[in-house]
Amino acid sequence: MPDKPLRCQESRYLMMGYLDGELGQDEAQRLQNHLANCPACRAELEMFESLKKETGAMSYKELPEIYWQNHWDKIYNRVERGIGWVFISLGAVLLLSFGAYHLFHDFFMNPGVSPMVKVGIGLAMFGGIVLFVSVAREKWMLQRVDKYRSVQR
């Protein structure tokens, strides 16, 4: 049973594999048959062949070693500072949570208050503290790079 002819959309999927020599003999033959009868697809393949030839002839300028050293230094600094901010944020959350616990110590130690209410209020306080630290850190970081900070409102 002969293979059915390719449609243009199907041939477009095969073109890159054809250019790279990745198609099997049957697929390559089906694509060649389609290209023989379809000037639009043939023109597209010629454009891709030209593009492959141009990009294959390109050479890249080697960057100086100092560029790569600066690149890795910047990555190291970002990672290091990111870890520092995580620890600062965690420390602030723990300290604020400790302070909030002592502020509401009598409430949490009251046996008359349901444990579910204590857990709910404790989680809400903890979530509020985490949110406060997150927003405060974000505002502080943005304030340093805000190009409109000197504009009077």
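For segment 8-57, the equivalent ellipsoid derived from the Cα gyration tensor has semi-axes of 18, 14, 8 Å, listed largest first. Using only the Cα atoms of the chain, build the gyration tensor, take square roots of its eigenvalues as a ≥ b ≥ c, and label the shape rounded, prolate or oblate: rounded if a/c is under 1.5, else prolate if a/b is larger than b/c, else oblate. Taking the square roots of the gyration eigenvalues as a ≥ b ≥ c, the chain is prolate.
For the chain, lysine pairs with C-alpha atoms less than 25 angstrom apart, excluding pairs fewer than eight positions apart on the same chain, total 6. Note: relative contact order over segment 1-99, using C-alpha pairs below 8 Å and six or more positions apart, is 21 percent. Cβ-to-Cβ counts within 10 Å put Tyr148, Tyr101 in ascending order as Tyr148, Tyr101, the fewest first.
Only the coordinates and a few stated rules stand behind these numbers; no lab work does. Quantities reported herein were computed from a predicted structural model and do not represent experimental measurements. Counting neighbours? That spans all protein chains shown, and the Cβs are built from the backbone with ideal geometry, glycine included.
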